[in-house]
1. Restricting attention to the range 85-123, which residues are closer than 19 Å to residue 2 by Cβ and touching a helix residue (DSSP H, G or I) at 6+ places or on another chain (Cβ under 9 Å)?
2. I'm trying to understand the selection: among the residues of the range 108-129, which are in a helix (DSSP H, G or I) and closer than 21 Å to residue 57 by Cβ?
3. Out of all the residues in the range 20-72, which are more than 16 Å from the chain's Cα centre (by Cα) and within 22 Å of residue 85 (Cα to Cα)?
4. Looking at this structure, is residue 42 modelled with pLDDT of 90 or more and surrounded by fewer than 17 Cβ atoms within 10 Å (Cβ to Cβ)?
5. Looking at this structure, is residue 85 on the phi < 0 side of the Ramachandran plot and surrounded by fewer than 16 Cβ atoms within 10 Å (Cβ to Cβ)?
C-alpha cells in the first residue's frame with residue numbers, strides 16, 4: 001500500500017491506496033497534524049511508499065517527515081494539473097444536481113475542498129509510473 005499526500009499551506013490531502021489502485025482511505029487533515037497522520041497510517045496499514053506532491057509545500061513536508069526517521073520510501077511526484085483532475089473526479093463521484101448539470105465540468109467549483117481527491121490523483125500517478 002502507498003500513502004499519498006497532497007501538501008498545502010494549511011491543510012493536506014491524504015489517501016491510502018492499494019498497489020492495485022483501490023482507494024482504502026482518504027481525507028483532509030490540518031497541516032500541523034501531518035506527522036501524526038503519517039504515523040497513524042503507518043501503524044494501521046502496511047505502507048511501502050510515501051508519495052508526496054512535488055511543490056514548495058512538498059519540500060516543507062519532506063523536512064518534517066525526514067525528522068521522523070521513517071522506514072518507507074519517500075517519493076515525489078509532479079502536481080501538475082492535479083487540482084483540475086481532482087475537481088473532475090469530485091464531480092464524477094458527486095453528480096451535480098439542478099442547473100449545475102448544465103455547466104461544463106471545467107466551470108464548476110466543488111462546494112468542498114478536494115485535497116483528498118488530489119492525493120488520490122497523485123497516488124494513482126505514482127502507481128502508473
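1. Taking the range 85-123 as the starting set, the residues that turn out to be closer than 19 Å to residue 2 by Cβ are 85-86, 89, 115-123.
Hits for the range 85-123 are 85, 86, 89, 115, 116, 117, 118, 119, 120, 121, 122.
2. Pass one, the range 108-129, residues in a helix (DSSP H, G or I): 115-128.
Once the filter is applied, which keeps residues that are in a helix (DSSP H, G or I) and closer than 21 Å to residue 57 by Cβ, the range 108-129 yields 115, 116, 117, 118, 119, 120, 121, 122, 123, 124, 125, 126.
3. 20
4. On the way: modelled with pLDDT of 90 or more: yes; surrounded by fewer than 17 Cβ atoms within 10 Å (Cβ to Cβ): yes.
Yes: the conditions hold for residue 42.
5. The answer is no for residue 85.
The values are calculated or read from the model by the stated rules, or taken from the named source; none is laboratory data. Being a predicted model, the structure only gives us computed values, none of them experimental. Quick reminder, even Gly has a Cβ in these numbers, built from the backbone with ideal geometry, and neighbours come from all protein chains shown.
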